[in-house]
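Single-structure report; data block below.
The numbers here are math on the coordinates, done by the rules we state, and not lab data. Here the structure is a predicted model, which means the values were calculated and not measured. Cβ: placed from backbone, ideal geometry, glycine included. Neighbour counts: every protein chain shown.
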Ligand code: ADP
């Protein structure tokens, strides 16, 4: 057994540096992390990081291991934690590189999410507080203004409720994302139900909603969740595509999948926005979304539900022509 065999068995990046500062051995993970074959090269030329070299010097001097955080200016940038430990008393050291890039990205996403969610809550709350203050002060005896302010308070309180409901839905789905639902669900029934749940929005906007796909399209799923997905997509098509005057919902079964497509003829979505639409709180226009009662979470909910169903969401859109949001889910089979 050689030192090279030993470090090759490690899951993290590992290299051994000789007393002369040259790399004696490096495993595959270290080569991948540093982007080149390091063996025989002076470590100073492959890892240009002053804190790292001071760490190696300190380990040689004190004989005790040290940890150093390394930010690699690679593309994309990566973050590692280097554990540097002495191997013998002539200055050979072992370096283990733990890749923290993914953990740090998740941590950043979590804190961005908390900041975004707090900001979204704070806006309606500030409006409610402002209105109450006005009602207690300048508008105290103004009956007409009071009516208007109560309306504002109700709108803002409802917005907060929708936000909290959507956040709770998201966290519930995320908790169960690993469990694949497998009840028999007919997408045609789901589409009918979604349309009937949105009758008042349909009447208000005067959009014609056409359902096609008479043949039963039975997938393995959770009926309530698929209804939520369809309702979110249909509601968006009506809200943002109302200018097109009509929305088509089509269910078909093919190649082992049941699909439901919601197509509108509105103004469409520019290509650069499409990959980001399912991110939490991402909107093409925040102002428009809020004006239409949106929380910016509808498509994030759709994405998580579809992923739980081991399905796919495809978004196709052309500016000026409209958009099609299509979900595809494995058809129900006895073995599902
Ligand atoms: P919201 O609550 O804002 O509707 P969603 O997550 O459902 O949040 O949608 C995110 C954004 O995607 C919307 O704010 C809107 O800008 C855009 N969008 C969604 N569906 C459509 C559509 N059918 N046509 C045009 N834009 C859409």
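Quick look at the values:
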item	result
Where N is the number of residues in the chain, Cα Rg divided by 2.2 N^0.38 Å	1.42
Helix-only CD estimate at 222 nm, as mean residue ellipticity for the chain, using -39500 (n - 2.57) per DSSP H run (n ≥ 4)	-14500 deg cm²/dmol
Cβ-based exposure ranking for 211, 179, in which fewest neighbours within 10 Å come first	179, 211
Estimated inter-spin distance, residue 178 and residue 270, nm [label 7 Å along Cα→Cβ]	4.1 nm
Ascending count of other beta-carbon atoms within 10 Å, so fewest first, for 229, 190	190, 229
Å³ per residue enclosed by the Cα convex hull of the range 208-261	77 Å³
The range 3-99 - Debye-derived log10 I(q)/I(0), Cα point model, q = 0.11, 0.13, 0.17 Å⁻¹	-0.26, -0.37, -0.66
Computed label-point distance, nm, for sites residue 57 and residue 79 using a 7 Å Cα→Cβ extension	2.7 nm
Length released on extending from residue 136 to residue 164, taking residue separation times 0.36 nm less the Cα-Cα span	7.3 nm
Beta bridges by DSSP in the chain, antiparallel share as percent, to the nearest 5	90 percent
Over the range 100-179, equivalent-ellipsoid semi-axes from the Cα gyration tensor in Å	38, 15, 5
Ascending count of other beta-carbon atoms within 10 Å, so fewest first, for 325, 149, 52	149, 52, 325
Gap separating the Cα centres of the range 132-155 and the range 284-336, nearest whole Å	39 Å
Scattering profile of the range 180-336 at q = 0.09, 0.10, 0.16 Å⁻¹ [log10 I(q)/I(0), Debye over alpha-carbon scatterers]	-0.26, -0.33, -0.85
Kirkwood Rh, Cα atoms: Rg over Rh of the range 259-315	0.96
Between the range 218-275 and the range 20-79, the Cα center-to-center distance that results, in Å	51 Å
Per residue Cα convex hull volume in Å³ - calculated over the range 53-198	254 Å³
